[in-house]
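Notes follow once the structure below has been shown.
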Ligand code: GDP
């Protein structure tokens, strides 16, 4: 199902993921009323609960919209769906392009469906927020899984800031959970801040890597190893099996360096072949074990609660930044003080104070 269809079915709805929360309060009632004529929140709510695929897609498109009226309706829908959400296991998956994420999700997803699960796959593609092109958007990915009734693959929201895309993805999780999907996989490519964003919205964060011995290891960011709770060296097959085992040992050693000894969970490093379906059961076994350890210790719920607080603040920060950047008074002041600063006429501290004063002057009632 293409975006064209969705956009058509939602009238003039735009799919740019944005974050300015303030737009919601500023929107005129008649604009919301008009939007309501095209989008029936009650119907959407019922249809999502009933697992209607077309309506699930519409609901997610609504969440991704940056149009102020759609924001209002989206929040109404979310508040109603919220009590029905939260029951899925949320699994994050990261790794560089080509590491085998989609092959892994396809193999794992088919296994989970055979076991009676319903699987939603969401993506956060940081490349799409800049170029509108997409690393993860290839339609041929996960062909078998996407044909399954019990699977739903939703590509990354196609534009906006990373914060906006992350927000849309987090909110989409509510829709899929309310619709009865009990495993949510959120994938991202291993670049930039998107890994942090994904790790902050999942129950377990998994890192896929490739064999390439020491030199490859250098390229792996320490931050990713700190976040990773399960590490899998993929493509451990054929002539690559031995190097993969070696890489797994090296990575396991690297993990011990960056993680604390007295942590509740010691991240396992395994080898896997997504194409040969080797190690997928072991991989999922670790996910389940992690889930059990976290639940038994009370950390599972604690983590979700903390994530809520974290999300709230990230939206506040993002919205403030957006308002700062679009504030006309600030833009005017900025030009002047940047010039003065470059000429050495004022200090950076004074310049910063002026910019903030310009912001406060219009944002304070
Ligand atoms: P992604 O970009 O991380 O989603 O990677 P893909 O899943 O699209 O895989 C990239 C390429 O690697 C494809 O040609 C896959 O067939 C291949 N591939 C994925 N997993 C394996 C594996 O376990 N073994 C081998 N030999 N190739 C794999």
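Bear in mind that the values in this text are calculations on the coordinates, not laboratory data. Keep in mind it's a predicted model, so treat the numbers as computed, not measured. Ideal geometry is used to build each Cβ from the backbone, glycine not excepted, and the neighbour counts take in all protein chains shown.
Cα-Cα pairs above 15 Å in the range 259-365: how many percent?
Working: 4371 of 5671 pairs.
Value for the range 259-365 (Cα pairs over 15 Å): 77 percent.
According to a simple spin-label model (label point 7 Å from Cα along Cα-to-Cβ), what is the distance in nm between residue 336 and residue 258?
Label-label distance for residue 258 and residue 336, simple model: 4.7 nm.
Taking a ≥ b ≥ c as the square roots of the Cα gyration tensor eigenvalues, with a/c under 1.5 meaning rounded and otherwise prolate when a/b beats b/c, else oblate, which class fits the range 86-297? Display every interim value, and only then the final one.
Values: a/c = 1.34, a/b = 1.29, b/c = 1.04.
Rounded is the answer for the range 86-297, as its axis ratio a/c remains below 1.5.
Please give the length that would be gained between residue 321 and residue 79 if that part of the chain were fully extended, namely 0.36 nm times their separation in residues minus their C-alpha to C-alpha distance (nm, one decimal). The partial results should precede the final answer.
Working: separation 242, 0.36 × 242 = 87.12 nm, distance 2.57 nm.
Computed gain between residue 321 and residue 79 is 84.6 nm.
Which of the peptides 178-184, 51-57 is most tightly packed, and how do the rest follow, judged by the mean count of other Cβ atoms within 10 Å per residue?
Details: 178-184: 21.4, 51-57: 17.0.
Per-residue Cβ counts within 10 Å, averaged per peptide and sorted highest first, yield 178-184, 51-57.
At 0.36 nm per residue, and after removing the present C-alpha to C-alpha distance, how many nm does the segment from residue 299 to residue 242 gain when stretched out fully? Mind dumping the intermediate values first?
Details: separation 57, 0.36 × 57 = 20.52 nm, distance 3.65 nm.
Gain in length upon complete extension: 16.9 nm.
What ranking do 99-109, 70-80, 285-295 get when scored by the average of other Cβ atoms within 10 Å per residue, highest first? Each step should come with its number before you reach the end.
On the way: 99-109: 23.5, 70-80: 20.2, 285-295: 15.7.
Ranked by mean Cβ neighbours within 10 Å, highest first: 99-109, 70-80, 285-295.
What is the Cα coordinate range of the range 310-363 on the first, second and third principal axes, sorted by size from largest, in whole angstrom?
Per principal axis, max minus min of the Cα coordinates gives 40, 20, 14 Å.
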